[in-house]
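The values are calculated or read from the model by the stated rules, or taken from the named source; none is laboratory data. Nothing here was measured: the structure is a model prediction, and the numbers come from that model. All Cβ positions, even for glycine, are placed from backbone atoms using ideal geometry, and neighbour counts span all protein chains on display. Note: accessible area is taken over every heavy atom of the protein model, side chains too, but ligands, DNA and RNA are not part of it. Shrake-Rupley method; radii C 1.70, N 1.55, O 1.52, S 1.80 Å.
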Amino acid sequence: MKQKTTHIRDFFTKAIHKRFTLTFIFILALTTFSSAQEYQITGEAIQVEGPICEYYPAPNQDPYSIPNQFITAREGTDSNGAECSIFIVTYNGFTPQAQAAFQFAVDIWANTLASDQPIRVDATFAPLGAGVLGSAGPTGFIPLTGPGIPANTAFARALAEQITGTDSNAGGADISANFSSTANFYFGLDANPPFSQVDFVSVVLHELGHGLGFLGFAGTDITNTQGVLRNTGFVHSYDNFVETLNGTSILTFADPSVALLTQYTSGNLFSNSPLALAANGGLVRPEIWAPATFNQGSSYSHWDEFIFPATNINSLMSPSIGFGQSNHNPGPITIALFEDMGWAICPSLSVNDFTLESLQIAPNPFNDDIRVTLPGNYNDSDFNISIYDVNGRVVFEKEISSNNRTIDINLSQLRASIYFMQLEDNANGVTITKKIVRQ
């Protein structure tokens, strides 16, 4: 069967803002980690047995469309003239319609996440199991060490390559994806599938999200009576942000254990990603799918289906899609979690009507000192600066007077790690949260 390789480099995706009373939360994009030379691969790629995600159509759901009105075609470059990322897709068995829809979906991810390493996808269009729409996952998980990386953490291959600036697979695929050639798919690009069909673009977007790292290592032992998490002693970067209802990290439970399986099926698992929390309004942790029966291809590695239904902009990474439903937007919460996991976000992601313009925080990453420059054309409000560590503890606070638009801050007391700087306008409650990294 003839294979075709295509370079994907179009369509910029805009993150969608949410309004909560007088507060606006906006996550400004930047490279998550510092110099790639500081990060090292420490072992062989880790493989995961069993399905990472198998996507099925959900019956008895109302049709709903979240179209690509949030996706604006630019010149295929970010605001600095550089490409966000290049996907190299090897197509196997695709019809022209299916390939065009797949390419449209990949374009969205290609200009949502930024990488200087090509992201290679091996995509197959062929008959799958009964009812299965598609499946995808990383071709391996790479253990890394470096500033800000928790011990014994592995990263989805494409993300590991972005962080280290190296090719870990000698030109091989970073993501393996399979899609049903017999499913009743709608291949249009307008996010308007008929009630009798499943939107192919949405399915591809969802599965590639898993291939890019939206998944955890949660599973069960061979008796299905105990939960397991670690794979050859490692957790995935996703797992570092999972916690229980009372805020206990999923990493603290005995592994394997009945207690761990109890949490997987509790209906009360959450992401404590600081950026995802901010994108969710700043008060409510995004809830993870943890139904009463554990399903290896569904539980733990999706947003909760009931909290993020088809009508919600963040529903793309929920565990099912209904006939006549579509979502062509990754969603601000998912994008925020990807950033906390280590992905760099395309600099073109922005909110058009956000009122605080041209905020500058530099250098970032920094050593001892960092400078905050407020826009000169903004109002005369006073500001508060708060810096939080990854556990949400305040490690620095400072008030800025209205006549001081440039502030130099010495943070030599902080250890090398990732932090979150929050600036709050005292007059109108506008809040900006930005990730900063001390080297």
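Answer yes or no as to whether F396 is open to solvent by less than 50 Å² (accessible area, probe 1.4 Å), in contact with a strand residue (DSSP E or B) (Cβ under 6 Å, 6 or more places away or on another chain) and either more than 30 Å from T248 (Cβ to Cβ) or at pLDDT below 80 (or both).
No, not satisfied.
Only one residue in P150, P143, P138 is in contact with a Ser or Thr (Cβ under 7 Å, 6 or more places away or on another chain) and either touching a residue at least 40 places away in the same chain (Cβ under 8 Å) or on the phi > 0 side of the Ramachandran plot (or both). Which one?
Details: P150 fails: in contact with a Ser or Thr (Cβ under 7 Å, 6 or more places away or on another chain); P138 fails: in contact with a Ser or Thr (Cβ under 7 Å, 6 or more places away or on another chain).
None of the other options fit; the residue is P143.
Take L215 and decide whether it is open to solvent by less than 30 Å² (accessible area, probe 1.4 Å) and part of a helix (DSSP H, G or I).
Details: open to solvent by less than 30 Å² (accessible area, probe 1.4 Å): yes; part of a helix (DSSP H, G or I): no.
For L215, the condition - open to solvent by less than 30 Å² (accessible area, probe 1.4 Å) and part of a helix (DSSP H, G or I) - is not met.
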Report whether or not F270 is open to solvent by 10 Å² or more (accessible area, probe 1.4 Å) and in contact with a Leu (Cβ under 8 Å, 6 or more places away or on another chain). yes
With a cut-off of at least 1 residues that are open to solvent by less than 40 Å² (accessible area, probe 1.4 Å), among the aromatic types (F, W, Y) and in contact with a strand residue (DSSP E or B) (Cβ under 8 Å, 6 or more places away or on another chain), name the strands (runs of 3 or more DSSP E) lying wholly within the range 76-186. 87-92, 119-126, 141-145, 153-156, 175-180
Could you please let me know if I361 is within 30 Å of L205 (Cα to Cα), open to solvent by less than 50 Å² (accessible area, probe 1.4 Å) and either modelled with pLDDT of 70 or more or not in a loop (DSSP other than H, G, I, E, B) (or both)? no
Residue satisfying condition, being in a helix (DSSP H, G or I), in contact (Cβ under 8 Å) with a residue 60 or more places away in the chain and either of a type outside the set (S, T, Y) or open to solvent by 10 Å² or more (accessible area, probe 1.4 Å) (or both), within set L251, L275, L261: L275
Condition broken by E44, with the remaining ones in (1) at pLDDT below 95; (2) assigned to a strand (DSSP E or B); (3) acidic (D, E) satisfied: (2)
Positions within the range 106-123 being small (G, A, S) and at pLDDT below 95, in sequence order: A110, A114, S115
So, of the residues in the range 278-300 that are more than 12 Å from T334 (Cβ to Cβ) and small (G, A, S), which turns out to be surrounded by the fewest Cβ atoms within 10 Å (Cβ to Cβ)? A292
